[in-house]
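Asker: Just passing along the structure, written as structure tokens.
The values are calculated or read from the model by the stated rules, or taken from the named source; none is laboratory data. Just so it is clear, the structure is predicted and the values come from calculations on it, not from any experiment. Ideal geometry is used to build each Cβ from the backbone, glycine not excepted, and the neighbour counts take in all protein chains shown.
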């Protein structure tokens with residue numbers, strides 16, 4: 001069996017994925033998607049598919065996380081960085097200000 005989450009950031013992100021999907025507000029998902037498009041992680045068409053074709057907030061969150069994780073560790077780092085800036089309370093609840101995510105400088 002292949003470990004799909006072999007990179008440390010992807011492993012950490014996979015640990016918080018369930019809580020992200022359950023707790024991420026719609027506005028956070030919209031802002032996060034926009035930031036990821038601006039950063040070149042997502043294409044505009046991918047953002048539109050995530051936000052318009054998924055009818056529930058949880059489906060949007062899951063689709064966004066899956067799409068970014070499929071793009072690799074660099075994309076995951078950027079998503080975490082943007083989430084930390086967009087929704088501090090959620091990032092804190094998810095533990096994104098500790099461990100490998102605490103080093104802001106590694107994102108750029």
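Asker: Of the residues 44, 33, which single one is within 13 Å of the chain's Cα centre (by Cα) and at pLDDT 95 or above?
Answerer: Of the residues listed, the single one that is within 13 Å of the chain's Cα centre (by Cα) and at pLDDT 95 or above is 33.
Asker: Pairs please, first residue from the range 79-108 and on the phi > 0 side of the Ramachandran plot and surrounded by fewer than 19 Cβ atoms within 10 Å (Cβ to Cβ), second anywhere and at pLDDT below 90 and in a helix (DSSP H, G or I), Cβ atoms under 8 Å, 6+ apart in sequence or on different chains.
Answerer: Sorted first by the residue in the range 79-108, then by its partner, the pairs are 95/16; 95/101; 99/12.
Asker: Then there's this: Can we say residue 67 is surrounded by 18 or more Cβ atoms within 10 Å (Cβ to Cβ) and modelled with pLDDT of 95 or more?
Answerer: So residue 67 fits the description; yes.
Asker: Please specify each residue of the range 26-57 satisfying the condition of being crowded, with 16+ Cβ neighbours inside 10 Å and part of a loop (DSSP other than H, G, I, E, B).
Answerer: The answer is 41, 42, 54.
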